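Each remark here refers to the structure printed beneath this line.
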Amino acid sequence: MKEIISFDYAIKYLLKDKGDYEIVEGFISALLGSQGYKPIKIKSLLESENNKESKLLKRSIADVIVEDDQGNNYIVEIDRSYTKSFLHKACFNTSRLIVDHLGANQKFLEIKKVFHINLLYFSFKEIKAPLHHGKVLFHKIDRDHPIDMHFMDRGMCTFDAYNIFPEYFVISIPLFDDVIKQELDEWLYVMKHSKVKEDFKSPYMQKVAERLNVLKMSDEELEGYNAYMHTVIKEHDYLVSAEAKGFEEGEKLGLEKGKKLGIEKGKIEGEKLGIEKGEKLGIEKGRYATALKMLQLNMDINTISDVTTLSKEEIISIVNENNLNNQS
């Protein structure tokens, strides 16, 4: 088994030399091929960090223009993410990419379809599988069946809806189960482990093992790789720390709210208990007063007991407390 550099860095590294495009083309072709698209070749690179927005908002690994063997041209954007906001970032990136690539004098018909590939270096409970694909589909009003929409403009040019809107591939690298069933699985294994197995069958894997071998990098290349990994680790640690701090602050806020709620609830419960005890005490005092009045009217104890529901012993106790004549 041969160890190689981190795959996200490998993409940037390989795109520096046209002679190394073939490996990136192999990965993109395998991914697009899983959805029925033809193999592609890279025609040119787009500057991925020159847009008008903050670089922190858009920092993709690579943006390339590709072409398949039928002459179809697409834009492929490859990005990496460490947080759960990756879909929002993907939406922003593809929108900005389309706007930036369409020149001021170009027609909307010249918009190129964008494939956004997101490499997730984390997993979470909402995602159960390592690979997901998303696209825009049009349905009838009854929403029963997806349909292919075939349009024609005034220039008699025809186009299909699925060839306009972006498509998204989300790869949660830690979720890959290491089971190799097809060529794409070999790429997923490489992403997860930064290693190439000897029995891999993809025609690109030998080139991956040879070209991305850490030990074969020059001192300058190795220095650049180490700097990149240091930045990635620092960014990841920052995000983890921010998440931990957010959890800690959330827990503290929750405790404060819980304490306040507990006090309010305690007041309500106390008030309720006080009312109940007050009612009980009031009833007892009422019985006592009634029994005393009846005793003062020389009524017999049995009658007083029936009226007040006090026991004979309780009534005798009232007689003694008030120095009344003993009633029979």
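The values are calculated or read from the model by the stated rules, or taken from the named source; none is laboratory data. Just so it is clear, the structure is predicted and the values come from calculations on it, not from any experiment. We place every Cβ from the backbone using ideal geometry, glycine too, and count neighbours over all the protein chains shown. Ligands, DNA and RNA are stripped out before the accessible areas are found, and what is left, the full protein with its side chains, is counted by its heavy atoms. Shrake-Rupley method; radii C 1.70, N 1.55, O 1.52, S 1.80 Å.
Brief remarks follow.
One line per residue, one yes/no per condition, for (1) touching a strand residue (DSSP E or B) at 6+ places or on another chain (Cβ under 8 Å); (2) of a type in the set (Lys, Arg); (3) on the phi > 0 side of the Ramachandran plot; (4) at pLDDT below 70:
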site: Tyr238; (1), (2), (3), (4): no, no, no, yes
site: Gly246; (1), (2), (3), (4): no, no, no, yes
site: Lys252; (1), (2), (3), (4): no, yes, no, yes
site: Leu292; (1), (2), (3), (4): no, no, no, no
site: Leu295; (1), (2), (3), (4): no, no, no, no
site: Met299; (1), (2), (3), (4): no, no, no, no
site: Glu313; (1), (2), (3), (4): no, no, no, no
site: Ser317; (1), (2), (3), (4): no, no, no, no
site: Asn320; (1), (2), (3), (4): no, no, no, no
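- Condition met for Lys195 (over 28 Å from Asn118 (Cβ atoms) and modelled with pLDDT of 65 or more): no
- Evaluation of Met229 against (1) of a type outside the set (Gly, Ala, Ser); (2) open to solvent by 70 Å² or more (accessible area, probe 1.4 Å); (3) modelled with pLDDT under 75 (one fails), failing number: (2)
- Filtered by the rule that a residue be of a type outside the set (Asp, Glu) and outside any helix (DSSP H, G or I), region 280-314 gives Leu297, Asn298, Met299, Thr309, Leu310, Ser311.
- Scanning region 159-190 for residues that are open to solvent by less than 30 Å² (accessible area, probe 1.4 Å), among the aliphatic types (A, V, I, L, M) and in contact with an Asp or Glu (Cβ under 8 Å, 6 or more places away or on another chain) yields a single hit, Ala161.
- Condition check for Val179: within 14 Å of Leu31 (Cβ to Cβ) and hydrophobic (A, V, I, L, M, F, W, C): no
- For Ser123: the one exception among (1) of a type in the set (Gly, Ala, Ser); (2) modelled with pLDDT of 85 or more; (3) exposed (fewer than 15 other Cβ atoms within 10 Å of the Cβ): (2)
- Enumeration of residues in region 158-183 that are aliphatic (A, V, I, L, M) and farther than 14 Å from Phe7 by Cα: Ala161, Ile164, Val170, Leu175, Val179, Ile180
- Under the condition of being in contact with a Pro (Cβ under 7 Å, 6 or more places away or on another chain) and part of a helix (DSSP H, G or I), the residues counted in region 174-187 number 1.
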